[in-house]
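The values are calculated or read from the model by the stated rules, or taken from the named source; none is laboratory data. Just so it is clear, the model here is predicted, and its values are computed rather than measured. Quick reminder, even Gly has a Cβ in these numbers, built from the backbone with ideal geometry, and neighbours come from all protein chains shown. Surface areas here come from the heavy atoms of the whole protein model, side chains and all, with no ligands, DNA or RNA. Shrake-Rupley method; radii C 1.70, N 1.55, O 1.52, S 1.80 Å.
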Amino acid sequence: MDIVGHSYTCTIVFYYIVVIETLNTCFYFKFHRFFLPLMKKSIAVYTKIPNVTDIKIEPFDVNKRYTKPHRHNKYIELVYFRAGSGFHYMDSTAYEIKPPLVFVINNNEVHHWEIDTIPEGFVIIIKEGFLEKIIDKHINQQLYRLKKQQMITLQTDESIDKLFEVLCFEMKQPSIQKEVIEGGLKALFAKIIGYSNRTERFENSDKSIYFEELLKQELRNDVSFYADLLNVTTQQLNVICKKSFSKTASQVIITFIIQEAKRQLVYTDRTISEIAYSLDFKDVSHFVKYFKRHTEITPLVFKQSTSI
């Protein structure tokens, strides 16, 4: 192509980009959401809390309105918005930010923010170490119940704002009183759960909680593997799962494997073979058949058809 033709093409391309950005400012973000996650071999893992700290409570950082897809490093995050608008993407699902509401982000979930106005709210980050050393074990049960939901819509409630403000104040004190923090968390979680759609009585056993934690740490399509770690028989694990999840142990494992497979298909550029082996499948064709049996489409079709 001659110089004139090349310049003309560049002008057209530049003009096209300007028009797109002028007429539709969302174009960049749609492009960003779809292509950026696929450019990495693995999903980014963020650490937003120092190693020496087990819990963090602070106002939402307004500088984090737009973030890249990532996971958390062994901690749970609760984000409360009392003002702001935009979207929160969790495992490819877009949740509109319509305050007041709470998002619960587990450490295995992939998420990112696209907030288009100045947000107001608070963030609680809780590491496993805090839950292991906690005095009031009822908080573990509250948190387990909250972890079952990704978004909880609230009503305007000044007591929730005050509880967050008090907890932030206490966390800034030179000497943090653990009993005060735990008391504040217990009251706050109780208020949030009160707005939850899940009204069933909490009766899950410690074994079912531990089973889920094991699945988040290591995925294997093998019920006996987890039964051995839990020191129960496969039959006993099925009974536990039926009572806690209304599923067999195998069905619970399938849910976790398919969810993780979808994350890797959407957020990484790993090949189908690499994903299969990462999920402990010895044969790629077995993984493809397994995925199709439980989703009705192949991994490749899912990857090609999914946009975030």
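At 1.4 Å probe size, with no ligands or nucleic acids counted, give the accessible surface of Thr153 in Å², nearest ten.
80 Å²
List the aspartates and glutamates whose Cα lies under 20 Å from the Cα of Lys216, skipping any in the same chain that are fewer than 8 positions away.
Correct list for Lys216: Asp54, Glu77, Asp91, Glu109, Glu128, Glu132, Asp206, Asp228, Glu260, Glu274, Asp280.
Measuring from label point to label point, each 7 Å out along Cα→Cβ, what is the Glu120 to Asp61 span in nm?
Between Glu120 and Asp61, the label points sit 2.2 nm apart.
To make sure I understand the rule: partners must be lysines, Cα under 22 Å from the Cα of Lys292, and not fewer than 8 residues away in the same chain. Which ones qualify?
Partners found: Lys247, Lys262, Lys282, Lys303.
If we sort 296-306, 254-264 on the protection proxy, mean other Cβ atoms within 10 Å, highest first, what's the order?
254-264, 296-306
List the pair-distance distribution P(r) of segment 187-308, using every Cα-Cα distance, as the percent of pairs falling in each 10 Å bin from 0 up to the bin containing the longest distance, rounded to whole percents.
12, 36, 29, 20, 3, 0
In nanometres, what is the gap between the two model label sites at Thr295 and Tyr210, each 7 Å from Cα along Cα-to-Cβ?
3.2 nm
Return the carbon/sulfur percentage of the accessible area of segment 111-185, one whole number, probe 1.4 Å, all protein chains in place. Intermediate values should be presented prior to the final figure.
Working: 1980 of 3720 Å².
Carbon and sulfur: 53 percent of the exposed surface of segment 111-185.
With r as the distance between the Cβ atoms of Asp283 and Gln149 and R0 = 35 Å, compute the FRET efficiency 1/(1 + (r/R0)^6) and round to 0.05.
Calculated transfer efficiency: 0.45.
Between the alpha-carbon centers of segment 123-178 and segment 201-250, tell me the distance in whole angstrom.
One Cα centre to the other: 26 Å.
Take the eigenvalues of the Cα gyration tensor for segment 228-276, scale each by 5, and report the square roots as semi-axes in whole Å, largest first.
29, 12, 7
Mind checking which aspartates and glutamates have their Cα closer than 13 Å to the Cα of Lys289? Skip sequence neighbours fewer than 8 apart in that chain.
Those aspartates and glutamates meeting the cut-off do not exist here.
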